[in-house]
Amino acid sequence: MNPQKTLLKVEDLRLYYPVPGKKIGQLEYIKAVDDVSFEVKEGEVFGIVGESGCGKSTLGRAICKLNPPTSGKIVLDGEDISDYGSRQMRAVRKKVQMVFQDPYASLNPRMSVFEIIAEPLKIHHLTTSKEQMKEKVLDLLRKVGLDDYHANRYPHEFSGGQRQRIGIARALAVQPKLIIADEPVSALDVSIQAQVLNLLNKLKRELNLTYIFIAHDLSVVEHISDRIGVMYLGNFVEVGSKEELYQNPLHPYTQALLSAVPVPDPTAKKERIILEGNIPSALNPPTGCRFHTRCPKCMPCCKTEAPACHHVDGTHAVYCHLYDEKNKA
Ligand code: ATP
Ligand code: SF4
């Protein structure tokens, strides 16, 4: 593993969902991901956080092309996969795997745990004999903290946390480099969430994995991430290391999200920033800065001009007019 090596580079990625327009035969587009660029280094955990509907899942699915992007460039492990069709993507899926929020929905109820974990091994021809297949499946089960006897059981016989472990074992079967975990603990009880997060951390160390970790809960993202991108209505508004983002949030949206996170010390004073209204529709996003309709610091220029990216230092970047030279105090 080389922590300086860029494992994933995403440039100007867009994914627009076509939906029926107001007139018959006319299409309109939900701009779920709109001009997103970022990089993930080998061995890093890149967290993506934002409110429901901001495009987090779509971004995750676009990167591994479960939902084909509308445009943009994706380079994975030095290979430009932007124009790959489904056949070429089959080979790439050995490098990038997804873990989903609802492990029950993503596990075939008619397949035993053995069959579920063996399936990717078969698809990618990763074993040469039945014996080797059995050994690999049992090894994967043990890696995620399950027992050999679980192999013959079916998904409905497991708790939510155990099902998520099965989903993780299935993702690990092809020995991927990158795992995109989409809200992997959101459906679990808080005590189980910590166990699954600890398991993901342990596996990352043992198997030299890189994660993109998607969640709406800032405390969950903080627990596991090295760097974090805050998303709003299809794009990042701030990207930085965990420390920079939590200690020195610059974007008004990040500040509002963080102000709502409970602190362990109840005597510590923290002013809660209440955002007015809901996240606007991605069908017809606001002009200028997309956050201007809810921003407590909105200025006239915010309504018409999209803010540029301001690099605060090597890794901390913010998209906001407050940091334009002319607006700096
Ligand atoms: P959540 O946490 O609720 O899943 P999210 O941040 O992951 O939210 P997405 O699920 O990616 O956001 O959705 C982004 C936007 O795209 C939303 O406006 C959503 O309604 C829309 N969307 C998502 N999937 C589709 C689809 N298959 N067809 C049309 N629109 C979609
Ligand atoms: Fe608020 Fe303007 Fe900054 Fe957008 S650009 S976050 S509206 S101050």
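Brief remarks follow.
- Which numbered condition Ile180 fails, given (1) within 16 Å of ligand 1 (Cβ to nearest atom); (2) open to solvent by 60 Å² or more (accessible area, probe 1.4 Å): (2)
- Among the residues of region 207-248, the ones that are under 12 Å from His316 (Cα atoms), within 16 Å of ligand 1 (Cβ to nearest atom) and among the hydroxyl-bearing types (Ser, Thr, Tyr) come to 0 in all.
- Given (1) of a type outside the set (Asp, Glu); (2) within 30 Å of Asn248 (Cβ to Cβ); (3) surrounded by 18 or more Cβ atoms within 10 Å (Cβ to Cβ), number of the condition Val190 does not satisfy: (3)
- Qualifying residues in region 276-307 (those that are touching a residue at least 60 places away in the same chain (Cβ under 8 Å) and in contact with a strand residue (DSSP E or B) (Cβ under 7 Å, 6 or more places away or on another chain)) - the one nearest to ligand 1 (Cβ to nearest atom): Ala282
- Highlighted here are the helices (runs of 4 or more DSSP H) found entirely within region 1-110 that include at least 1 residues which are of a type in the set (Gly, Ala, Ser) and crowded, with 17+ Cβ neighbours inside 10 Å: 56-63, 103-106.
- Where a residue in region 62-73 is aliphatic (A, V, I, L, M) and its partner, wherever it lies, is open to solvent by 30 Å² or more (accessible area, probe 1.4 Å), with Cβ under 6 Å and at least six apart: Ala62/Pro69
- Residue check: Ser281 meets all listed conditions (1) in a loop (DSSP other than H, G, I, E, B); (2) touching a Cys at 6+ places or on another chain (Cβ under 8 Å) but one, namely (2).
- Leading residue by the ranking (least open to solvent (accessible area, probe 1.4 Å)) among those in region 288-329 that are more than 11 Å from ligand 2 (Cβ to nearest atom) and not in a loop (DSSP other than H, G, I, E, B): Ala317
The values are calculated or read from the model by the stated rules, or taken from the named source; none is laboratory data. All values derive from a computational prediction rather than experimental measurement. Glycine gets a Cβ as well: all are built from the backbone with ideal geometry, and neighbour counts include every protein chain shown. Side chains included, ligands, DNA and RNA excluded: accessible areas come from the protein's heavy atoms. Shrake-Rupley method; radii C 1.70, N 1.55, O 1.52, S 1.80 Å.
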